[in-house]
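Here is the structure we will look at, set down as structure tokens.
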Amino acid sequence: MIRSLLIIIALLREFIQLWKAHHEEMRKLAEREVWHDTATATRMLRVGERTLNNYVRSGKLESKKIGKANLYLESSLLEVMEKKK
């Protein structure tokens, strides 16, 4: 019984280390992404804020909210621009 618990603990520790490494890698990747505010996004797409919000709700556009500001992922904006052509 104790041996089994020790094995489980060792596996959990290994899992946590791998998860932390993966989480750190994903955080670094996210920092390299370029995010734009609402005004820039509406100018880039030539749409209003309502249409921008509809794109987010439908999954066409990736965004995140920081405080009261909505930010839009540049690569996501570029994809929408390409599809509009």
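Check whether at least one residue in the range 43-61 is in contact with a strand residue (DSSP E or B) (Cβ under 7 Å, 6 or more places away or on another chain), of a type in the set (Gly, Ala, Ser) and surrounded by 10 or more Cβ atoms within 10 Å (Cβ to Cβ), and report yes or no. No, that holds for no residue.
Residue count for the range 1-48, restricted to those that are out of contact with any helix residue (DSSP H, G or I) (no Cβ under 9 Å at 6 or more places or on another chain) and either outside any helix (DSSP H, G or I) or touching a residue at least 40 places away in the same chain (Cβ under 8 Å) (or both): 2. Do we find a residue being under 30 Å from Lys83 (Cα atoms) and of a type in the set (Lys, Arg) anywhere in the range 1-8? No, the range 1-8 contains no residue that is under 30 Å from Lys83 (Cα atoms) and of a type in the set (Lys, Arg). Once the range 49-69 is narrowed to residues that are part of a strand (DSSP E or B) and at pLDDT below 90, the residue that is farthest from the chain's Cα centre (by Cα) is Ala69.
The values are calculated or read from the model by the stated rules, or taken from the named source; none is laboratory data. None of these values were measured; they are calculated from a predicted model. Here the Cβ is made from the backbone with ideal geometry for all residues, glycine too, and neighbour counts use every protein chain on show.
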